[in-house]
Amino acid sequence: MNYHYSKDVTVFKSRKCHDFAMATQPVLSLVSVALLVVGIVGNGFEMRKIRLSTAEGQLVPKNAFLDKRNFKWYILIGISLVLWAINGTYM
């Protein structure tokens, strides 16, 4: 690691934090992509369960996306997007 030494200690500390952020970048990328995939696939299966739980002749209700069973998947997808955005700021 190439540190630029100066009399100001805060420069040294900020570079150390930056190196730590760069070291965790691949891990954060993999975690965010994994959470996104799990959230989308889980939401798909949940929507299928909702569709199959309705009567055969009826269409899926318009509020199927607002069903309370879907919110856990929406939260998981939201967390993954926030992690992805945080990861993008350290590039």
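The values are calculated or read from the model by the stated rules, or taken from the named source; none is laboratory data. What you see is a predicted model, and the numbers here were worked out from it, not measured in a lab. Every residue, glycine as well, gets a Cβ built from its backbone with ideal geometry; the counts of neighbours run over all protein chains shown.
Which pairs do you get when a residue that is among the charged types (D, E, K, R), found in the stretch 67-91, comes within reach of a residue that is loosely packed, with under 13 Cβ neighbours inside 10 Å and not in a loop (DSSP other than H, G, I, E, B), reach meaning Cβ atoms under 8 angstrom, with the pair 6+ apart or on two chains?
Once the first residue is among the charged types (D, E, K, R) and sits in the stretch 67-91, its partners that are loosely packed, with under 13 Cβ neighbours inside 10 Å and not in a loop (DSSP other than H, G, I, E, B) give ARG69/LYS49.
Any idea which of LYS68, LYS49 is exposed (fewer than 12 other Cβ atoms within 10 Å of the Cβ), at pLDDT below 90 and assigned to a helix (DSSP H, G or I)?
Details: LYS68 fails: assigned to a helix (DSSP H, G or I).
When all the criteria are applied, what remains is LYS49.
Would you say ILE77 is of a type in the set (A, V, I, L, M), within 25 Å of the chain's Cα centre (by Cα) and modelled with pLDDT of 90 or more?
Details: of a type in the set (A, V, I, L, M): yes; within 25 Å of the chain's Cα centre (by Cα): yes; modelled with pLDDT of 90 or more: yes.
Yes.
Going through VAL27, VAL60, VAL31, VAL11 one at a time, which residue ends up being β-branched (Val, Ile, Thr) and at pLDDT 90 or above? Even if it seems obvious, please write down each step before you answer.
Numbers: VAL27 fails: at pLDDT 90 or above; VAL60 fails: at pLDDT 90 or above; VAL11 fails: at pLDDT 90 or above.
So the residue among VAL27, VAL60, VAL31, VAL11 that is β-branched (Val, Ile, Thr) and at pLDDT 90 or above is VAL31.
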